[in-house]
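Taking it in order: structure first as structure tokens, then the write-up.
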Amino acid sequence: MLIVNPATGETLADVPATERQAIASACGRARAAQVTWAARGLADRTAILRRFRALVVERGEALAHTLTLEVGKPIAQARRELVGVLPRIDFFLEQAPAALADEIVAADDAMEERIAHEPLGVVANVSAWNYPWFVGANVFVPALLTGNAVLYKPSEFATLTGIAIAELLHEAGVPDDVFQAVIGGATAGAALLEEPVDAVCFTGSLATGRKVAAAVGSRFGRLQLELGGKDPAYVCDDVSPAAAAAVAEGAFYNAGQSCCAVERVYVHERVWAPFVDAFVATVRGYVVGDPLDERTDVGPLTRRELALATLEEQVADATARGARILTGGARLDRAGWFFAPTVLVDVDDSMRVMRDETFGPLIGIAAVSSDEEAVARMNDTAYGLTAAVYTPDRARAERVLARLDVGSAYWNCCDRVSPRLPWTGRRGSGLGVTLSRAGIEAFLRPKAWHLRPA
């Protein structure tokens with residue numbers, strides 16, 4: 001399996017994919033090893049994951065370099081991902097004892113009622129390429145801490161990072177059979193889903209998420225799907241044009257390849273012109289280029305033709321229906337998979353750019369006349385991941401956000417994730433939860449104890 005640098009088209013490595021028989025063998029070994037791993041106790045598992053954290057810090061620059069080479073993320077953003085994963089690990093380490101503790105809910109001389117929390121068993125973690133450290137650690141760190149074994153399939157577009165994660169975990173002390181990397185693309189992923197795992201955690205597109213749900217749903221195991229989004233931001237009529245820079249960053253950070261990237265912007269008509277002017281000026285100021293260059297803001301797309309074709313189709317559809325391009329609009333004539341940061345106006349909600357997930361450096365901006373219109377248009381989507389409202393009026397923002405069917409609500413911020421808060425989607429954005437205490441408990445199952453003295 002060839003690993004290609006999306007900034008140059010050059011081959012970085014040729015890595016063998018895991019064969020079907022080897023995947024079945026890995027699942028069997030994981031099943032056997034999980035029992036011993038759970039029996040080692042939380043203190044032992046915590047010490048190992050602390051060593052893993054220390055190794056991430058120690059090797060951070062090399063890990064960031066690898067991430068940039070294989071996914072095209074600008075090096076400064078790759079470093080931020082490596083630094084940003086540390087508070088998530090810390091949160092899981094701090095909260096795991098409480099999540100695992102037994103709860104005595106009633107007790108007297110006649111009966112004690114207790115709830116224990118046991119690991120699920122073997123967790124299949126089918127991870128993502130856009131934030132492989134964030135998305136992967138959201139699953140494998142709490143899964144390992146709570147006593148599960150993990151079969152980890154990194155995205156084929158982040159293979160080298162996935163291998164590095166496995167190597168660091170093993171070096172830290174996680175037994176080889178407790179955490180195993182499954183390497184490959186869709187074929188390897190499908191083979192992994194055929195195995196009798198106890199949980200499947202998938203991050204990816206809505207279309208693939210439906211296939212995953214169909215493949216494993218009848219087995220009644222734990223299913224967690226972190227899928228797509230078409231996340232809106234609403235700019236109220238009391239907002240300064242200075243807010244345009246923050247909204248633009250939410251749309252174009254990581255070349256727009258973020259699950260919670262801003263993908264639609266609704267601007268109150270009273271501030272439309274100055275806001276759009278400031279937004280376009282910000283986007284035109286982005287440096288597009290070599291992701292290893294410290295000055296680069298926007299790097300290449302990771303998935304080559306699929307992503308580039310999606311952007312071209314959305315631009316063509318929108319302009320055919322009357323949208324105007326204010327900047328960008330096409331691939332860049334250079335090596336690698338680059339698309340110019342693009343801003344469209346005169347868009348309506350029938351256009352693909354306002355309905356289908358974009359996952360690239362392309363945004364549509366529409367005018368609205370009221371908060372009521374903004375709410376209706378923001379809710380007019382198959383997805384329900386995040387939504388943002390920009391206004392100095394907190395009460396106004398909370399009124400709008402309370403009416404939006406999303407898992408995360410942002411006031412004067414966007415494209416933000418906290419380990420202390422649940423990360424969850426609604427409708428086409430998935431099911432289940434990562435992060436927060438709930439994201440640890442997702443890898444545990446309760447057992448009810450009824451204890452009567454003789």
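The values are calculated or read from the model by the stated rules, or taken from the named source; none is laboratory data. Keep in mind that what you see is a predicted model, and the values were worked out from it rather than measured. Heads up, the Cβs are rebuilt from the backbone with ideal geometry, glycines too, and the neighbour counts pull from every protein chain shown.
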Within the range 131-179, restricting to residues that are aromatic (Phe, Trp, Tyr) and part of a strand (DSSP E or B), the one that is farthest from residue 73 (Cα to Cα) is 179
Filtering the range 283-295 down to residues that are part of a helix (DSSP H, G or I) and either free of Cβ contacts under 8 Å to residues at least 12 places away in the same chain or surrounded by fewer than 20 Cβ atoms within 10 Å (Cβ to Cβ) (or both) yields 284
Considering only residues of the range 386-438 that are over 13 Å from the mean Cα position of the chain (by Cα) and among the aromatic types (Phe, Trp, Tyr), which is farthest from residue 136 (Cα to Cα)? 390
Given the conditions (1) assigned to a helix (DSSP H, G or I); (2) under 21 Å from residue 1 (Cβ atoms); (3) not hydrophobic (A, V, I, L, M, F, W, C), report the number of the one that residue 195 does not fulfil. (1)
Within the range 213-230, is even one residue among the β-branched types (Val, Ile, Thr) and either within 16 Å of residue 383 (Cβ to Cβ) or not assigned by TED's automatic domain parsing to the domain that holds residue 188 (or both)? no
Which pairs do you get when a residue that is over 19 Å from residue 276 (Cβ atoms), found in the range 297-325, comes within reach of a residue that is surrounded by fewer than 20 Cβ atoms within 10 Å (Cβ to Cβ) and of a type in the set (A, V, I, L, M, F, W, C), reach meaning Cβ atoms under 6 angstrom, with the pair 6+ apart or on two chains? 297/287
I'd like the residue in the range 431-454 that is among the small types (Gly, Ala, Ser) and modelled with pLDDT of 95 or more and, out of all such residues, is surrounded by the fewest Cβ atoms within 10 Å (Cβ to Cβ). 448
Close pairs (8 angstrom Cβ cut-off, 6 or more residues apart or separate chains): among the acidic types (Asp, Glu) in the range 251-275, in a strand (DSSP E or B) and crowded, with 24+ Cβ neighbours inside 10 Å anywhere: 263/231; 263/232; 263/363
Kindly establish whether residue 358 is part of a loop (DSSP other than H, G, I, E, B), more than 16 Å from residue 234 (Cα to Cα) and at pLDDT 95 or above. yes
Select, from 438, 382, 395, 388, the only residue that is assigned by TED's automatic domain parsing to the domain that holds residue 268 and free of Cβ contacts under 8 Å to residues at least 24 places away in the same chain. 395
Selection from the range 202-239 of residues part of a loop (DSSP other than H, G, I, E, B) and either surrounded by fewer than 17 Cβ atoms within 10 Å (Cβ to Cβ) or of a type in the set (Asp, Glu) (or both) yields 205, 220, 237, 238
Among the residues listed as 368, 298, the single one being within 19 Å of residue 243 (Cβ to Cβ), of a type in the set (Val, Ile, Thr), crowded, with 17+ Cβ neighbours inside 10 Å and not assigned by TED's automatic domain parsing to the domain that holds residue 203: 368
Working only within the range 240-270, note down all residues that are out of contact with any helix residue (DSSP H, G or I) (no Cβ under 7 Å at 6 or more places or on another chain) and in a loop (DSSP other than H, G, I, E, B). 240, 257, 258, 259, 260, 269, 270
Can you name every residue in the range 315-344 that is over 22 Å from residue 287 (Cα atoms) and in a strand (DSSP E or B)? 324
Can you tell me which residues in the range 297-314 are within 21 Å of residue 3 (Cβ to Cβ), of a type outside the set (A, V, I, L, M) and outside any helix (DSSP H, G or I)? 299, 300, 302, 303, 304
Conditions (1) touching a Lys or Arg at 6+ places or on another chain (Cβ under 9 Å); (2) surrounded by 23 or more Cβ atoms within 10 Å (Cβ to Cβ); (3) within 28 Å of residue 166 (Cα to Cα); number of the one not met by residue 191: (2)
